[in-house]
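What follows is a single structure, written as structure tokens, with notes after it.
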Amino acid sequence: MSEKREAGESSRFKVPVPTTQNPELRTQNLKSRQSRASQTDDEIRSRRNAFRTASSPDRWLQLAVRALARRDRTTAQITELLAAQGASPPQIRAVVRRLISLKYLDDAAFAARWIERRLARMPMGCARLQEELLAAGCPERIARATVRARYRKVSERDLAMQVVSTAGKLTSPQMLGRVARLLSQRGFGEDTIETVIGPLMPEDVRSV
């Protein structure tokens, strides 16, 4: 009788021993968890993409308008900015068309304003201004036409003379050479440089 009681008590307080999980079942559980996690990531990405698609037109337009509010830009610069931020080519084209219709983008007007600002800061020649406009993304056709139109109103020779007048008294060929190099750096052509520097050279140098 006592033996039966002891057996019952021992079975009642027996601690269950964990069984080793089947390796195949463990692999299936792991794959199931990974699949659920992957589906969750896909859902998150899908929702984000859907939000971007829905808000893209306003988003890209607002980004471009803020950039233009900070400083003047060409169509090429706005295109590059939007592309760098992740806008697709169709989205960029739509924004550019909208900005042009609003007259926020105008490469010809950009070129004219650029030339006025640069000439107000320092005299320079046609070549320098055209190079700067091309570097800013202004189409070559517009850059050439705008520069030509501006220099019909002001003489390149007069601008070069302004540079010479600020150089002080030119008393030696070496000083004249430095001024000639400065004029070249400012984009003045060889004919213009010779026109303004030639009369300043000493007689013996000009006769050589």
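Data table
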read-out: Checklist (1) surrounded by 13 or more Cβ atoms within 10 Å (Cβ to Cβ); (2) without any contact (Cβ under 8 Å) to a residue 60 or more places away in the chain; (3) assigned to a helix (DSSP H, G or I); (4) not acidic (Asp, Glu) applied to Tyr104, failing item; value: (3)
read-out: The listed residue being surrounded by 11 or more Cβ atoms within 10 Å (Cβ to Cβ), under 39 Å from the mean Cα position of the chain (by Cα) and at pLDDT below 90, out of Val196, Val179, Val147; value: Val179
read-out: Any hit, the stretch 108-116, residues being within 30 Å of Val163 (Cα to Cα), touching a Phe, Trp or Tyr at 6+ places or on another chain (Cβ under 8 Å) and not charged (D, E, K, R); value: no
read-out: Some residue of the stretch 158-172 being surrounded by 14 or more Cβ atoms within 10 Å (Cβ to Cβ), assigned to a helix (DSSP H, G or I), at pLDDT below 90 and in contact with a Leu (Cβ under 8 Å, 6 or more places away or on another chain); value: yes
read-out: Hits in the stretch 90-101 - residues which are among the charged types (D, E, K, R) and either crowded, with 16+ Cβ neighbours inside 10 Å or touching an Asp or Glu at 6+ places or on another chain (Cβ under 8 Å) (or both); value: Arg98
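The values are calculated or read from the model by the stated rules, or taken from the named source; none is laboratory data. Only a predicted model underlies this, so the values are computations on that prediction, with no experimental measurement involved. Methodologically, a virtual Cβ is constructed for each residue, glycine included, from the backbone with ideal geometry; neighbour enumeration extends over all protein chains shown.
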